[in-house]
Amino acid sequence: MFVYDVFKTVTTVLGVAFLIRFFLIQPFYVSGQSMEPTFENNQYIIVDQVSYRLHAPHRGDVVVFKYPRNVAFSFIKRIVGLPGETVIVHDGEVTIINDQYPNGVSLEEDYLATRTSGEVRTKLGKNEYFVLGDNRPSSSDSRSWGVLPRHLIVGKVWVVLYPFDEFKTVHPPSYGKGL
């Protein structure tokens with residue numbers, strides 16, 4: 001009887017762990033400097049895989065996604081442009097054109113250490129996002145490889161888990177002007 005109880009308990013625990021790992025949250029390892037200073041190289045993060053089944057991604061969310069040019073690789077970036085918007089990167093600034101701001105509005109990105117390089121103008125279609133790394137000079141992102149289709153988004157970064165002294169929950173920034 002004891003062996004059966006242990007087997008039943010272990011099976012239940014493993015089943016619950018499997019369901020959580022594959023359907024609710026997923027751990028990822030940050031490799032590289034493209035999201036510094038928000039996320040550092042060698043940090044472990046937890047990604048929420050449920051939120052975007054309930055609602056669309058928001059501007060400022062940090063997401064993990066499958067790289068559009070090779071889905072064997074996962075990237076981490078910040079969403080700055082939403083479906084239907086036009087994103088302009090010019091003269092160090094990111095400008096958003098949408099129904100609310102038909103003449104465009106510049107994002108107030110206080111979390112950046114350096115200005116945004118490059119010259120890009122992209123009109124986003126349905127279910128397309130424009131993503132950028134927080135360390136813009138060291139980031140391969142929508143400026144170089146184009147838009148991110150929604151179906152490639154794995155989930156929203158929820159927490160920095162390790163190193164333990166850097167534990168924190170992740171919240172999107174405020175861009176001002178109702179963005």
Mind checking which pairs have a first residue in region 122-133 that is within 19 Å of K156 (Cβ to Cβ) and of a type in the set (D, E, K, R) and a second that is part of a loop (DSSP other than H, G, I, E, B) and modelled with pLDDT of 95 or more, Cβ under 7 Å, 6 or more apart or different chains?
-> E128/P83; E128/V147
Restricting attention to region 42-66, which residues are over 30 Å from D165 (Cβ atoms) and over 12 Å from the mean Cα position of the chain (by Cα)?
-> R53, L54, H55, A56
Candidates F39, F75, filtered to the one that is of a type in the set (F, W, Y) and within 13 Å of L132 (Cα to Cα) = F75
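Any chance you could count how many residues in region 121-146 are outside any loop (DSSP other than H, G, I, E, B), loosely packed, with under 15 Cβ neighbours inside 10 Å and of a type in the set (G, A, S)?
Total satisfying the criteria: 2.
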With (1) without any contact (Cβ under 8 Å) to a residue 40 or more places away in the chain; (2) outside any loop (DSSP other than H, G, I, E, B); (3) surrounded by fewer than 18 Cβ atoms within 10 Å (Cβ to Cβ); (4) in contact with a strand residue (DSSP E or B) (Cβ under 7 Å, 6 or more places away or on another chain) as the list, and G118 as the residue in question, which single condition is left unmet?
-> (2)
Restricting region 158-174 to residues that are assigned to a strand (DSSP E or B) and touching a residue at least 24 places away in the same chain (Cβ under 8 Å), which is farthest from the chain's Cα centre (by Cα)?
-> Y162
Which of (1) within 18 Å of E40 (Cβ to Cβ); (2) touching a helix residue (DSSP H, G or I) at 6+ places or on another chain (Cβ under 6 Å) is the odd one out, the single condition S139 does not satisfy?
-> (2)
Restricting attention to region 106-115, which residues are surrounded by 14 or more Cβ atoms within 10 Å (Cβ to Cβ) and closer than 29 Å to R53 by Cα?
-> L107, E108, E109
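The values are calculated or read from the model by the stated rules, or taken from the named source; none is laboratory data. In this text, all values refer to a predicted model and were calculated from it rather than measured experimentally. Counting neighbours? That spans all protein chains shown, and the Cβs are built from the backbone with ideal geometry, glycine included.
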